[in-house]
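Worksheet for the structure shown next.
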Amino acid sequence: MARIETPKRIRGTQDIFGEEQRRFAAVLDAFDRVRRLYCFQRVEIPVFEATGVFARSMGETSDVVSKEMYTFEDKGGDLITLRPEFTAGICRAFITEGWQQHAPMKLVTSGPVFRYERPQKGRFRQFHQLDAEIIGAAEPAADVELLVLADQLLRELGIADGVTLQLNTLGDAETRDAWRAALVAHFEQHRGELSEDSVTRLDKNPLRILDSKDPRDRPIADSAPGIDKFLTEEAAAFFKAVTDGLDAAGVKWTRNDRLVRGLDYYRHTAFEFVTDRLGAQGTVLAGGRYDGLIGNLGGPETAGVGWAAGVERLAMLIAEPSVEAMQVAVVVEAVGHENAATALLADIRRAGVRAELFAAGSPKKRYERALKAGPAMTVSFQEQTVSPRVLRANEVDAELVTGLIK
């Protein structure tokens with residue numbers, strides 16, 4: 001008989017268990033605690049969308065759209081894409097579900113996202129993100145709120161000291177038009193020295209050359225004109241309001257005037273929380289203001305600002321979470337007491353106590369196995385006993401459990 005070959009896990013995916021799962025869960029739990037403190041509502045959106053949602057929102061020249069999206073034609077002939085990020089889908093929902101009536105909206109979500117790229121440390125083809133957005137608030141206070149939320153999340157996770165907030169302004173439309181023209185003039189002088197990708201971007205999306213990782217581009221990008229001399233008074237005032245708000249909230253930041261979001265609808269604040277503890281891929285949380293995105297998707301002109309963070313990267317940085325200890329072990333050492341033990345176990349759990357049943361395998365070894373599990377309290381059903389006996393009790397509500405036994 002031919003040997004059946006077991007299918008392998010797809011490259012760039014992961015099976016999360018044990019310590020990895022505990023780290024993963026700790027990140028999600030902290031995110032949920034903090035979002036409640038800031039009165040953000042949770043939203044769930046589809047894992048896949050019409051491809052145009054992402055192509056129009058992220059730009060045809062972005063690496064994600066041109067190289068990394070999982071796109072396919074479904075049985076109905078529609079072009080579908082697995083979500084590579086959350087913001088576009090949330091903005092699509094804002095338009096199609098009539099959420100304008102609820103603006104301003106403070107929203108969070110989390111879950112798997114998909115990008116076809118070379119797997120590396122902390123980066124997968126199916127990975128997981130946290131996402132936070134404020135839609136319908138044009139004031140700099142919204143940017144401050146999101147950044148303070150992010151800072152508190154990192155504090156809750158115990159990694160704030162190892163992560164730096166890098167901050168920049170992209171100005172308003174007038175600022176960007178003037179800065180873009182200056183950048184195009186600068187890069188045109190060096191067209192022959194740029195990488196192929198940057199030559200393509202020069203014609204369609206020149207701001208993205210500033211964050212190119214290609215060694216050929218770095219000296220040219222580093223010598224490009226900065227945005228500050230092109231800032232309008234209004235744009236400068238917006239950025240000052242953001243930095244003043246962060247200072248008031250006690251959030252440390254550093255200026256990075258080469259930090260960009262290259263698409264035309266991005267405005268004002270751009271930011272990244274970065275660390276040197278993950279090698280070259282040091283960004284753990286990033287975002288910015290995207291006041292033109294909803295309009296670009298066919299909706300009403302609506303302000304928006306948001307960020308996303310990689311769950312896997314955050315999980316790699318946090319301290320190892322402790323294993324949730326068993327509180328009560330219910331042991332059946334004598335045959336015939338199984339149903340009574342099951343009834344007691346159900347009552348203990350309904351009382352909010354973590355408990356486990358040991359009623360399988362050799363009756364003589366069940367108590368020994370229960371002790372190895374490290375419960376705070378052990379309850380045993382033994383030979384010729386009508387009621388179980390508490391054999392071991394500490395660090396648990398013994399009175400509660402004893403009352404259930406009686």
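Taking the options ALA160, ALA150, ALA132, name whichever one is of a type in the set (Gly, Ala, Ser), modelled with pLDDT under 95 and within 16 Å of GLU272 (Cβ to Cβ). So that I can check it myself, show each step before the final result.
Details: ALA150 fails: modelled with pLDDT under 95; ALA132 fails: modelled with pLDDT under 95.
Exactly one residue qualifies, and that residue is ALA160.
Check off (1) more than 29 Å from the chain's Cα centre (by Cα); (2) open to solvent by 20 Å² or more (accessible area, probe 1.4 Å) for LEU202 and give me the number that stays unchecked.
(2)
I'd like to verify a number: residues in the stretch 147-199 that are β-branched (Val, Ile, Thr) and more than 22 Å from the chain's Cα centre (by Cα), how many?
Count: 4.
Hey, could you check the stretch 1-27 for residues that are open to solvent by less than 90 Å² (accessible area, probe 1.4 Å) and among the aliphatic types (A, V, I, L, M) and say which is modelled with the lowest pLDDT? Outline the logic, then answer.
Here is the first cut: in the stretch 1-27, the residues open to solvent by less than 90 Å² (accessible area, probe 1.4 Å) are 2, 12-14, 16, 18-19, 21-27.
When the remaining residues are screened for being among the aliphatic types (A, V, I, L, M), the result is 2, 16, 25-27.
Details: ALA2: 77, ILE16: 93, ALA25: 96, ALA26: 97, VAL27: 98.
Ranking the qualifying residues of the stretch 1-27, first place goes to ALA2.
Mind counting the residues in the stretch 1-27 that are in contact with a Phe, Trp or Tyr (Cβ under 7 Å, 6 or more places away or on another chain) and either assigned to a helix (DSSP H, G or I) or not polar (S, T, N, Q) (or both)?
Taking the stretch 1-27 and keeping what is in contact with a Phe, Trp or Tyr (Cβ under 7 Å, 6 or more places away or on another chain), we get 12-14, 16.
Now drop any that are not either assigned to a helix (DSSP H, G or I) or not polar (S, T, N, Q) (or both), which leaves 12, 16.
Qualifying residue count for the region: 2.
Could you go through the stretch 212-227 and let me know if any residue there is buried (at least 19 other Cβ atoms within 10 Å of the Cβ), touching a strand residue (DSSP E or B) at 6+ places or on another chain (Cβ under 7 Å) and in contact (Cβ under 8 Å) with a residue 40 or more places away in the chain.
For the stretch 212-227, residues buried (at least 19 other Cβ atoms within 10 Å of the Cβ), touching a strand residue (DSSP E or B) at 6+ places or on another chain (Cβ under 7 Å) and in contact (Cβ under 8 Å) with a residue 40 or more places away in the chain: present.
Take the stretch 28-57 and flag every residue that is touching a Ser or Thr at 6+ places or on another chain (Cβ under 9 Å), open to solvent by less than 40 Å² (accessible area, probe 1.4 Å), outside any strand (DSSP E or B) and touching a residue at least 40 places away in the same chain (Cβ under 8 Å).
PHE31, VAL43, ILE45, VAL53, SER57
Would you be able to tell me the number of residues in the stretch 185-194 that are in a helix (DSSP H, G or I) and open to solvent by less than 40 Å² (accessible area, probe 1.4 Å)?
Within the stretch 185-194, the subset in a helix (DSSP H, G or I) is 185-188, 191-193.
Right, trim to open to solvent by less than 40 Å² (accessible area, probe 1.4 Å) and you get 186-187.
Within the stretch 185-194, residues that are in a helix (DSSP H, G or I) and open to solvent by less than 40 Å² (accessible area, probe 1.4 Å) number 2.
Which pairs turn up if I take residues in the stretch 156-184 that are within 17 Å of ALA224 (Cβ to Cβ) and look for partners that are assigned to a helix (DSSP H, G or I) and among the basic types (Lys, Arg) with beta carbon separation below 7 Å, at least 6 apart in sequence or on another chain?
LEU170/ARG176
Output the number of residues of the stretch 195-230 satisfying the condition of being of a type in the set (A, V, I, L, M, F, W, C), part of a loop (DSSP other than H, G, I, E, B) and over 14 Å from ARG176 (Cα atoms). Show your work before the answer.
At the first step, the residues of the stretch 195-230 found to be of a type in the set (A, V, I, L, M, F, W, C) are 199, 202, 207, 209-210, 220-221, 224, 227, 230.
Subsequent filtering for residues that are part of a loop (DSSP other than H, G, I, E, B) retains 224, 227.
Then drop every residue that is not over 14 Å from ARG176 (Cα atoms), which leaves 224.
The qualifying residues number 1.
Filter the stretch 86-119 down to residues that are farther than 18 Å from VAL53 by Cβ and part of a helix (DSSP H, G or I) and give me whichever is least open to solvent (accessible area, probe 1.4 Å).
HIS102
The values are calculated or read from the model by the stated rules, or taken from the named source; none is laboratory data. None of the values given here were measured: they were computed from a predicted structure. A quick note on method: Cβ atoms are made from the backbone with ideal geometry, for glycine too, and the neighbour counts reach across all protein chains shown. We work out accessible area using only protein heavy atoms, side chains counted, and drop any ligands, DNA or RNA first. Shrake-Rupley method; radii C 1.70, N 1.55, O 1.52, S 1.80 Å.
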